[in-house]
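Colleague: The structure's right below; bear with me while I get my questions together.
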Amino acid sequence: MRKYFILPCIVLICCILLPEQSMALQTHSEPEGIYVHQMAHVLYMAALGYLFWDTKRSTFAGQGWVYLRIFCVLTILWNFLAVIGHASSSHLRPEDFTHVNGYLFSKVNMPLTFVKVIYYAAKLDHLLAVPAMLFLYLSLRSFYKDAVKDGDN
Amino acid sequence: MEMYMLPSVITDIIGSQLMIILSFLSLRYTFLLIRKDPDNFLWGFLHYFCITLAIFAISRAVGHMVKQALLISDQKEIWQMLSPLSGGVNTLLMISVAAVTIYYHKGVEGYRAIQKKADSLRRANRRLEEAGTTMKEMNLHLEEMVETRTQDLALSEEKFRNFFHNSKDMVFFCDEAGIILDMNKAGLEMLDYSDKNPPHLSLNHLFSEESGLKDFNTTLTSQRFVEDFEAEFVKKDGSIIYSLLSATALADEKGKLIGCEGIAKDLTRLKTMTSQMISTEKMASVGQMAAGVAHEINTPLGIILGYAQLMKDDFPPESETFENLVVVERQSQACRKIVADLLKFSRQSASSPQDVDIHEILIDVLAIVEHNLHLDHIDIVRCFAEELPVVTGDEEKLRQVFVNLINNAQHAMEDEGGVLTIRTTYLEEEQMITASIIDTGTGIDLNIKNRIFDPFFTTKSVGKGTGLGLSVSYGIIEDHRGTIIVESPVMYENSCQLTPGTAMHIRIPVSEQKKISEEGQNG
């Protein structure tokens with residue numbers, strides 16, 4: 001019975017007197033930010049995937065839900081593109097770009113690689129994000145119109 | 001081949017602006033949705049989702065625009081300082097959007113459960129509404145049905161009431177004890193009761209004989225109806241009326257007898273007429289027979305009487321043979337009188353019609369019989385009409401009729417005396433005169449009432465009457481197109497009580513000449 005009391009006390013004293021050895025605070029190195037960000041994208045995709053699946057299996061009827069599901073699909077694709085884009089940027093170096101006449105005239109140096117193409121495509125992510133937001137807008141407008149119509153009836 | 005970054009920069013700037021605009025437009029609709037239906041979980045979720053998304057869009061778009069602006073203005077160092085901050089916020093907001101969606105996961109389950117309940121309630125409400133509509137329609141239909149039935153019932157009730165009140169026959173309802181619950185006016189009038197204050201009657205009171213009531217009840221109980229039952233009912237004054245009764249038993253749900261409803265027709269008049277017709281037929285038969293017999297007897301009787309009178313001349317008056325012949329002559333003459341009466345009854349004797357004043361005849365007759373009546377302590381009351389038209393007839397025969405009737409009245413009062421009332425009336429509307437001989441004697445027994453006009457029917461002792469008086473009188477009056485009505489017992493005027501006695505009412509039509517002269521005066 002006594003040994004069960006003494007052992008925790010020794011551990012506690014060691015932790016207080018020798019903090020470096022206890023590794024109480026974890027240091028966060030530079031790549032952690034991008035990892036968290038990438039995980040956030042994955043989490044975002046998972047959440048939208050669930051929303052897509054759940055609204056499809058549900059008995060919710062109407063054009064608004066169709067638009068919402070299109071939003072989900074486009075946003076998932078955008079996330080996917082963003083994840084790839086972030087991943088590709090980590091494989092590029094400053095020498096792969098030329099800023100001769102300022103930022104607006106910067107260009108990707110030759111030769112073109114798969115990573116460079118992916119990076120370039122990911123920079124055009126608004127081509128997915130904007131339509132996705134448009135479908136969200138259409139979806140909500142449709143919900144509102146249906147609600148108004150139901151209210152009138 | 002060179003790949004410039006300019007398109008991506010332009011796309012980034014425009015796209016960021018569009019993202020902000022679209023996110024706020026979306027947010028506007030979610031705001032409108034939750035304002036319209038604050039309890040709707042889905043709108044709540046979408047609202048929070050859009051808020052997060054809008055913040056994310058702003059954060060990211062602003063970040064991108066700042067980035068582009070700083071890079072374009074060649075301030076890369078500043079952007080490198082801001083970049084982690086922008087990226088961190090974006091990461092945080094993406095996680096928030098995901099968290100909101102996870103929140104949706106839990107909330108939508110509850111919402112679905114509520115929605116399921118709501119759907120169930122909505123369906124129940126719809127069914128309730130349908131049931132309500134159906135009930136309303138049924139109720140409406142029911143109201144129409146009730147209205148129609150009420151109208152039918154009112155019509156039926158009116159028909160029944162009219163039938164009950166306007167029927168000329170007795171209609172009554174009685175309970176199981178025979179107590180009459182309701183009787184129509186005709187029924188009460190039939191029994192001489194006033195309909196304004198109807199009495200409490202029962203079948204026991206109504207039926208004159210207990211056996212009749214017993215037969216009626218037995219038939220009603222066994223057959224549940226009685227058809228054409230000949231019943232004798234007692235009127236208010238105690239007299240009897242003959243009726244033809246039909247009744248139906250009334251039963252409750254268990255079939256127990258609870259009373260009856262009946263209709264009775266007064267047959268008294270029909271029965272009297274039938275009786276009179278039978279009597280008339282009988283009289284006619286008897287008259288024919290009497291005429292034949294009288295004719296056959298009259299001739300040999302005349303010869304016997306003639307020879308008896310001739311033989312009387314052959315014997316001295318003191319001799320025994322003469323006295324025997326006197327007896328033969330007297331009895332033969334008695335026989336001739338009977339034969340003459342028979343001939344009169346059968347109207348075989350000759351008649352000489354002329355205008356006759358009934359008052360004169362009555363005065364003559366009373367002058368003859370008054371003395372004898374006084375001897376029997378019989379007072380005479382003369383109630384002669386002020387004006388009595390003459391009738392056409394045989395004065396001698398009519399005198400004989402009144403003598404016969406007054407003799408009968410005297411016979412009825414000879415033991416205890418009484419009052420003999422002679423009343424004459426003129427019935428102008430009917431053009432008839434009435435001469436009534438009313439006595440206060442013993443009255444006529446009900447059993448012999450129908451036989452008093454039969455030939456040779458008499459209640460007098462042997463030798464005092466031949467039984468031809470009334471039958472001869474009947475024949476004479478009938479010959480004058482008149483009638484003899486017998487009333488016994490008599491209901492005297494101004495009296496509600498029946499008094500023993502007999503009234504013989506002779507009704508004879510007035511002379512045709514009198515009618516013509518009156519019509520001339522009226523014309």
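Colleague: Return the pairs, sorted by first residue and then second, in which the second residue is assigned to a helix (DSSP H, G or I) and at pLDDT 90 or above, the first residue lies in the stretch B:21-34 and is more than 9 Å from every other protein chain (Cβ to nearest Cβ), the beta carbons are less than 7 Å apart, and the residues are 6+ apart or on different chains.
Modeller: As it stands, the answer is none, since no pair meets every condition given.
Colleague: Within the stretch B:394-426, which residues are assigned to a strand (DSSP E or B) and on the phi > 0 side of the Ramachandran plot?
Modeller: The answer is B:Gly418, and nothing else.
Colleague: Oh, and also: Surrounded by 11 or more Cβ atoms within 10 Å (Cβ to Cβ) and over 16 Å from the mean Cα position of the chain (by Cα) - does that describe any residue in the stretch B:162-175?
Modeller: There is at least one residue in the stretch B:162-175 that is surrounded by 11 or more Cβ atoms within 10 Å (Cβ to Cβ) and over 16 Å from the mean Cα position of the chain (by Cα).
Colleague: Identify, by number, the condition in (1) closer than 14 Å to A:Ala132 by Cα; (2) modelled with pLDDT under 80 that A:Leu74 doesn't meet.
Modeller: (2)
Colleague: Now, a different point. Could you tell me which numbered condition B:Pro317 fails, if it satisfies all but one of (1) in a loop (DSSP other than H, G, I, E, B); (2) assigned by TED's automatic domain parsing to the domain that holds B:Glu487?
Modeller: Status for B:Pro317: all satisfied but (2).
Colleague: Could you look through the stretch B:191-206, keep only residues that are under 18 Å from the mean Cα position of the chain (by Cα) and surrounded by fewer than 17 Cβ atoms within 10 Å (Cβ to Cβ), and pick out the one that is farthest from B:Val234 (Cα to Cα)?
Modeller: So the residue we want is B:Lys196.
Colleague: Among the residues of the stretch B:332-340, is any modelled with pLDDT under 80, part of a helix (DSSP H, G or I) and either of a type outside the set (A, V, I, L, M) or in contact with a Pro (Cβ under 9 Å, 6 or more places away or on another chain) (or both)?
Modeller: Yes, the stretch B:332-340 has at least one match.
Colleague: Next question. Among the residues of the stretch A:112-129, which ones are of a type in the set (D, E, K, R), in contact with a Leu (Cβ under 8 Å, 6 or more places away or on another chain) and within 20 Å of B:Gly15 (Cβ to Cβ)?
Modeller: A:Asp125 - this is the single residue of the stretch A:112-129 that is of a type in the set (D, E, K, R), in contact with a Leu (Cβ under 8 Å, 6 or more places away or on another chain) and within 20 Å of B:Gly15 (Cβ to Cβ).
Colleague: Which condition breaks for A:Ser139 when tested against (1) over 15 Å from the mean Cα position of the chain (by Cα); (2) farther than 30 Å from B:Lys76 by Cα; (3) away from chain B (no Cβ under 11 Å)?
Modeller: Failing condition for A:Ser139: (3).
Colleague: Within the stretch B:108-121, does at least one residue satisfy the condition of being under 30 Å from A:Ala47 (Cβ atoms), at the interface with another protein chain (Cβ under 10 Å from one of its Cβ atoms) and modelled with pLDDT of 80 or more?
Modeller: Yes; the residues of the stretch B:108-121 include at least one that is under 30 Å from A:Ala47 (Cβ atoms), at the interface with another protein chain (Cβ under 10 Å from one of its Cβ atoms) and modelled with pLDDT of 80 or more.
Colleague: I would also like to ask the following. Determine, yes or no, whether B:Thr52 is in contact (Cβ under 8 Å) with a residue 40 or more places away in the chain, more than 10 Å from chain A (Cβ to nearest Cβ) and in contact with a helix residue (DSSP H, G or I) (Cβ under 7 Å, 6 or more places away or on another chain).
Modeller: The answer is yes for B:Thr52.
Colleague: Here is a further query. Give me the pairs, please: first residue somewhere in the stretch A:133-153 and of a type in the set (A, V, I, L, M), second residue anywhere and exposed (fewer than 15 other Cβ atoms within 10 Å of the Cβ) and at pLDDT 95 or above, beta-carbon distance under 7 Å, and either six or more positions apart or on two chains.
Modeller: Pairs found: none.
Every residue, every condition in (1) surrounded by fewer than 16 Cβ atoms within 10 Å (Cβ to Cβ); (2) within 21 Å of the chain's Cα centre (by Cα), yes or no:
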position: B:Ser208; (1), (2): no, no
position: B:Thr221; (1), (2): yes, no
position: B:Glu227; (1), (2): yes, yes
position: B:Ile241; (1), (2): no, yes
position: B:Leu244; (1), (2): no, yes
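Colleague: Moving to a separate point now. I'd like the full set of residues that are at the interface with chain B (Cβ under 7 Å from one of its Cβ atoms) and without any contact (Cβ under 8 Å) to a residue 12 or more places away in the chain, limited to the stretch A:114-132.
Modeller: Of everything in the stretch A:114-132, those that are at the interface with chain B (Cβ under 7 Å from one of its Cβ atoms) and without any contact (Cβ under 8 Å) to a residue 12 or more places away in the chain turn out to be A:Leu124, A:His126, A:Leu127, A:Val130.
Colleague: Now for a separate question. Based on what the data block shows, is A:Leu92 surrounded by fewer than 19 Cβ atoms within 10 Å (Cβ to Cβ) and either facing chain B (nearest Cβ under 8 Å) or not aliphatic (A, V, I, L, M) (or both)?
Modeller: For A:Leu92, the condition - surrounded by fewer than 19 Cβ atoms within 10 Å (Cβ to Cβ) and either facing chain B (nearest Cβ under 8 Å) or not aliphatic (A, V, I, L, M) (or both) - is not met.
Colleague: Still on this structure, please answer the following. Which of the following residues is in contact (Cβ under 8 Å) with a residue 60 or more places away in the chain, facing chain A (nearest Cβ under 9 Å) and in contact with a Phe, Trp or Tyr (Cβ under 7 Å, 6 or more places away or on another chain): B:Leu93, B:Leu42, B:Leu71?
Modeller: Every option except B:Leu42 fails the conditions.
Colleague: Does B:Val66 qualify as being modelled with pLDDT of 80 or more, over 30 Å from A:Thr55 (Cβ atoms) and either facing chain A (nearest Cβ under 9 Å) or under 60 Å from the mean Cα position of the chain (by Cα) (or both)?
Modeller: no
The values are calculated or read from the model by the stated rules, or taken from the named source; none is laboratory data. All values reported here derive from a predicted model rather than from experimental measurement. Backbone-built Cβ (ideal geometry, glycine too); neighbour counts: all protein chains shown.
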